Amino acid sequence: MPSREHIDMLAQARVEETTKPVFEPEPVLEPEPVCEPEPPLKKPRFKFEMPMKTESTIENVGSGYRWLTENSYDDKFEELESSILNDRLSYFYPSLQTKRGTDYSKSALVGIRAAIARHLTSPPYNCNVNIMKDNTFMTSNHVITGMIKTLKRTGKDFIMHKKPVAEDDIQRLYSSGVFNIDTPVTLQNKVFWDLMLNFGRRGQDGLSSLTKSSFGKFKDDKGQSYYKMIYNEADKTHHGVDSHKNRHEVRMYEKSEDKNCPVASLDFYLSKLSPKCDALFQQPLLYPKPNCWYSNPAMGKNKLSQMMPRISKEAGLSYRYTNHCINSNHWYYAATHQSK
């Protein structure tokens with residue numbers, strides 16, 4: 001039988017147990033969400049396709065013009081007051097980027113501005129503004145000037161010249177048969193090469209605008225025959241200004257003792273063109289007739305733009321040259337072979 005002391009100890013223990021405070025577990029608090037700081041506002045970068053110089057410039061840079069019209073505005077930018085248009089251009093120019101996400105070169109920026117200027121002053125708008133010279137557009141022009149200075153300061157103000165056609169590849173062009181004058185395609189290849197080499201024709205739009213009367217045949221005071229351009233084209237470098245006083249008269253002279261004479265080739269080519277089409281570059285006939293090797297439809301711009309790449313492949317050249325590559329050869333050729 002338990003002793004009195006033992007009973008008292010058990011009673012005391014029971015009392016302590018019932019009076020002992022119950023500690024509930026603290027609730028697990030979920031961590032408060034961390035609010036990341038909002039990124040600073042940036043002007044949207046606009047991927048702009050560099051426009052070619054053409055009467056239909058609007059088709060080539062339509063997406064750029066839509067940006068000017070639709071970016072948080074309702075009006076057509078062609079109908080805006082000069083001061084408002086200046087504000088939009090000041091915002092538009094810094095947003096330009098190439099398709100690769102890089103900044104445009106100095107010449108590209110100037111070219112884009114010139115394309116917009118041509119669009120505004122051409123039909124049907126005929127705006128009486130000059131976004132490059134008017135005082136109203138001083139702010140937007142200062143923006144472009146600042147962008148150009150930034151390019152220069154960061155070492156990006158350089159011009160990437162197209163690779164000229166190598167001398168070995170030029171010899172290959174003549175030996176491979178792609179410049180033979182006995183088929184419609186190869187004769188046209190040679191005339192294309194001769195014109196690009198001698199006159200430095202630029203881009204697909206310039207080629208498509210050439211006609212049978214774009215080049216005239218003359219004789220100099222020594223009785224030597226030559227062709228010169230008499231087509232009133234707009235010079236790309238001067239953004240649409242065709243100044244005959246300041247332009248060097250380029251001549252493509254005959255080489256009477258050379259089987260590859262460019263004058264003789266152009267004479268022969270002109271005699272085989274379709275009388276129903278005025279374009280200089282016409283579609284070659286698959287089955288040519290004795291006096292007509294080319295059909296009525298003119299060659300399209302895209303096909304003309306691929307002339308040199310196609311010729312490079314057919315001749316087995318070391319490099320896939322573009323039409324602009326011949327322009328690099330033109331400057332050297334003009335300096336060493338042509339007379340004024």
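All of the numbers you see were taken from the coordinates with simple rules; none came from a lab. Computed from a predicted structure; not experimentally measured. Cβ placement follows ideal geometry from the backbone for every residue including glycine, while neighbour counts extend to all protein chains displayed.
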- line: Any residue on another chain or 5+ positions along whose placed amide H is under 5 Å from the amide H of F215 is listed here as I230
field: Cleavage-rule hits, chymotrypsin sites (Phe, Trp or Tyr not before Pro), the range 294-326, DSSP coil, Cβ neighbours within 10 Å at most 12
entry: Y319
query: What chymotrypsin sites (Phe, Trp or Tyr not before Pro) does the range 126-193 have in DSSP loop regions with at most 15 other beta carbons within 10 Å?
result: F158
message: What whole-number distance in Å separates the alpha-carbon centres of the range 85-156 and the range 165-228?
response: 35 Å
- request: Arrange the peptides 221-228, 107-114 so that the one whose residues have, on average, the most other Cβ atoms within 10 Å appears first.
  value: 107-114, 221-228
- request: Taking the Cβ of Y269 as the centre, find all other residues whose Cβ is under 13 Å away and add up their charges (Lys, Arg: +1; Asp, Glu: -1).
  value: +1
message: Per residue of the range 106-116, what does 6.51 cos²θ - 1.76 cosθ + 1.60 with θ = phi - 60° give for ³J(HN,Hα)? Whole Hz please, x for Gly and Pro, Karplus curve as stated.
response: 4, 5, 5, 4, 5, x, 5, 4, 5, 5, 5
field: ³J(HN,Hα), Karplus 6.51/-1.76/1.60, whole Hz, each residue of the range 265-271, x for Gly, Pro
entry: 5, 5, 4, 5, 5, 4, 6
